[in-house]
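Presented below is the structure to which this report refers.
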Amino acid sequence: MLNQQGRPTAAGAGEQSARATFTSNRGLQMEEALIFEIGRRDVSGVDLDEPEAFSSRLGAHARVGEIGLPGLSEPETVRHYVRLSQKNYAIDSGLYPLGSCTMKHNPRLNEAMARLPGFADIHPLQPQSSVPGALALMDELSHWLLVLTNMEAVAMSPKAGAHGELCGMAAIKTAIDARGEGATRRIVLVPESAHGTNPATAASIGFEVKAVPAGADGKVHPDAVRALMGPDVAAIMLTNPNTCGLFETEIVEIAQILHEGGGYFYCDGANFNAIVGKARPGDLGVDAMHINLHKTFSTPHGGGGPGSGPVVLSARLAPFAPVPFLRRDGERLALVEHEEGTSSLGRLTAFHGQMGMFVRALSYILSHGADGLKQASEDAVLNANYVRACLADVMSLPFGNKPCMHEVLFDDSWLKDTGVTTLDFAKAMIDEGYHPMTMYFPLVVHGAMLIEPTESESRAALDLFIMTLRDLAMSALRGETERFIGAPYLAPRRRLDETRAARSPILRWVKPMRVE
Ligand SMILES: *Cc1c(COP(=O)(O)O)cnc(C)c1O
């Protein structure tokens, strides 16, 4: 069977492996319907007493119709959610080489600490005098972040990396406004290899984005920045190590160009995992940088938990930090909640940030120690280079077979004339039990495949991953296109229309019409 593109469809090549079963279960991979489809109105997992007579005070707001929630017995409810949870590929189930995301092991010690009642059961509206321990924890984590980055101040409230970008760029905007240059400094330089959140952040607070071309070696060159620098430039947003997995070696000169021209240097610190303990952004001329606690300092993310994106600020930007911030008054710590009398940019979010993530990140930092953090960075880089060295003879490296940082970037030129694309290759990895690498990002490389193994994979796990990719690569080069074109054959769902799912999601379940 062929679809419009002339490719075999689900019922084609993989037929024998996709054999239909009576239940649609595939071995122990259970089909699971929506809770609205299996729940019944007349069933409940609990016995509730009939309510005593009361008069509603809701007036016209009282619900008149049935609430329509699906009812299930307790064992049915448990099975439903356990089965759903088993469909989640997680770092706890296998290697998760999603480049730029740092899907590393989340030590269980972090979880034990985050569940301590003194952290887990407090409420952000409690009086500050009742949570001195939580404030002390935020203070200690702030201290570590400042020591590791050699920066002046840190804003703890941003809730993820992209939110941190917003915080840092808002600090830059506030500083520029304070200088009276708000009307003229309107341009933010963003390298072509940047994460999409960088230009989106700059544009969303009213800056105009200008792209900085990447050099043939995948790095940003000072001359390219100098050519764009002028009195209208507010800042550059540069990722280091960059999204090609390379250290921006000219970063100090680039920072100088910005500073001499009156601009600021925002560093996207999502890849901090590669340099913790080795290089400090404050020594490189950085004015603001977000730290993805959920990447660099573990803490579960990507469906497993929320993010947290504290932003470290240079002395030039520290006065513009958002509220709330911690202030020490002798022994006493206090959260400053209002910006009166300060030049703060204002408030970014309700409350103070992601407390549970702060606990996990500090637990990670303290259990590793300074030497352990440095070793984690070194091992992350070592593991990525091991993958690079073991695959360089079959897969192509866009910038040559040279050392990379914590992730290795391949392109699709090695797949030329095989009829297999980056997407096909990634889908075939699913059949082998691996989460695909990051695909088609960064955009500067054709058919990009960005692999980040992280430091928490063992040599044995890396070897099996490498052998699997070699087996797939050889298969593609031998012309065994069937293995790829219809993949994944063994997943609960086959190829989905991901664009349509993202652009027009169906978020509300509608009861199917009954045919009487
Ligand atoms: C992950 C990432 C971001 C965004 O961080 P979130 O926590 O997902 O908002 C920004 N830039 C780069 C390079 C990243 O890898």
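The values are calculated or read from the model by the stated rules, or taken from the named source; none is laboratory data. Note that the structure is a prediction, hence the values are computed from the model and not measured. FYI the Cβ positions are ideal-geometry reconstructions off the backbone, even for glycines, and counts take in every protein chain you see. The accessibility values were calculated without ligands, DNA or RNA, using every heavy atom of the protein model including side chains. Shrake-Rupley method; radii C 1.70, N 1.55, O 1.52, S 1.80 Å.
Miscellaneous remarks
- Taking the inverse of the mean reciprocal distance over all distinct Cα pairs, the Kirkwood hydrodynamic radius of the chain comes to 25.8 Å.
- In this structure, the amide hydrogen of Val209, modeled 1.01 Å from its nitrogen in the peptide plane, lies closer than 5 angstrom to those of Val188, counting only residues at least 5 positions away or on a different chain.
- For the stretch 387-401, the Karplus equation 6.51 cos²θ - 1.76 cosθ + 1.60, evaluated at θ = phi - 60°, returns couplings of 4, 4, 5, 7, 10, 4, 7, 10, 9, 9, 9, x, 10, x, 7 Hz by residue, with Gly and Pro reported as x.
- The 1.4 Å probe gives accessible areas that order Asp379, Asp393, largest first, as Asp393, Asp379.
- Above-threshold pairs, the threshold being 21 Å between Cα atoms, out of Lys87/Lys427; Lys159/Lys278; Lys173/Lys210; Lys87/Lys511: Lys159/Lys278; Lys87/Lys511
- Heavy-atom accessible area per residue - the chain, 1.4 Å, Å²: 50
- Cα radius of gyration and Dmax for the stretch 210-290 (Å): 11.9, 35
- Rounded if a/c under 1.5, otherwise prolate or oblate - the stretch 84-159, Cα gyration tensor axes: oblate
- Each label point was placed 7 Å from the Cα along the Cα-to-Cβ direction; for Ser130 and Ala62 their separation is 3.4 nm.
- Here the extension length gained between Val43 and Ile466 equals 147.2 nm, from 0.36 nm per residue of separation less the Cα-Cα distance.
- In sequence order, the stretch 81-96 has phi-based couplings of 6, 5, 5, 4, 5, 6, 7, 7, 6, 9, 4, 6, 9, x, 4, 10 Hz under the Karplus curve 6.51 cos²θ - 1.76 cosθ + 1.60, θ = phi - 60°, and Gly or Pro positions carry x.
- For Met138, the accessible area of its heavy atoms, probed at 1.4 Å with every protein chain present, is near 10 square angstrom.
- Note on surface exposure: Asp42, Asp463 rank Asp42, Asp463 by accessible area, highest first, 1.4 Å probe.
- For the stretch 85-110 and the stretch 472-503, distance of Cα centres in Å: 22
- Asn88-Ala227 pseudo-label distance in nm [points 7 Å out on the Cα-to-Cβ vector]: 4.7
- For the stretch 100-169, the list of trypsin sites (Lys or Arg not before Pro) that fall in a loop by DSSP and count at most 12 other C-beta atoms within 10 angstrom reads Arg115.
- For the stretch 109-365: relative contact order, % (alpha-carbon pairs under 8 angstrom, 6 or more apart): 28
- Euclidean distance between Cα centres, the stretch 400-433 to the stretch 347-386, Å: 29
- Taking amide H positions as modeled 1.01 Å from N, with prolines and chain starts lacking one, the residues under 5 Å from Asp268 and 5 or more places away or on another chain are Leu238, Thr239, Asn240.
- Accessible-area value, Tyr440, 1.4 Å probe, nucleic acids and ligands omitted, Å²: 100
- Residues in the stretch 455-467 carry Karplus couplings, in order, of 6, 8, 8, 7, 4, 5, 5, 5, 4, 5, 4, 5, 5 Hz; the curve used is 6.51 cos²θ - 1.76 cosθ + 1.60 with θ = phi - 60°, and Gly or Pro positions show x.
- Overall, the ratio between the Cα radius of gyration of the stretch 442-490 and 2.2 N^0.38 Å, rounded to two decimals, is 1.40.
- Modelled label positions at Ala501 and Ser413, each set 7 Å beyond Cα in the direction of Cβ, lie 3.3 nm from each other.
- Where the Cα pairs of the stretch 109-365 fall when distances are cut into 10 Å bins, in %: 7, 32, 35, 19, 6, 1
- With a cut-off of 15 Å on the backbone N, the residues of the stretch 109-134 near the modelled label site 7 Å out from Arg347 along Cα-Cβ are 124-128.
- In a fully extended conformation the segment linking Arg478 and Tyr440 would gain 11.3 nm over its present Cα-Cα distance, using 0.36 nm per residue.
- Ser475, Ser93, reordered so the largest accessible area comes first (probe 1.4 Å): Ser93, Ser475
- Note on Asp283: accessible area approximately 80 square angstrom, rounded to 10, probe 1.4 Å, nucleic acids and ligands left out.
- 5 Å binning of all Cα-Cα separations within the stretch 371-502, expressed as whole percents from 0 upward: 2, 10, 19, 23, 20, 14, 8, 3, 1, 0
- In the chain, helices alone account for a calculated mean residue ellipticity at 222 nm of -10000 deg cm²/dmol, with every DSSP H run of four or more residues adding -39,500 (n - 2.57).
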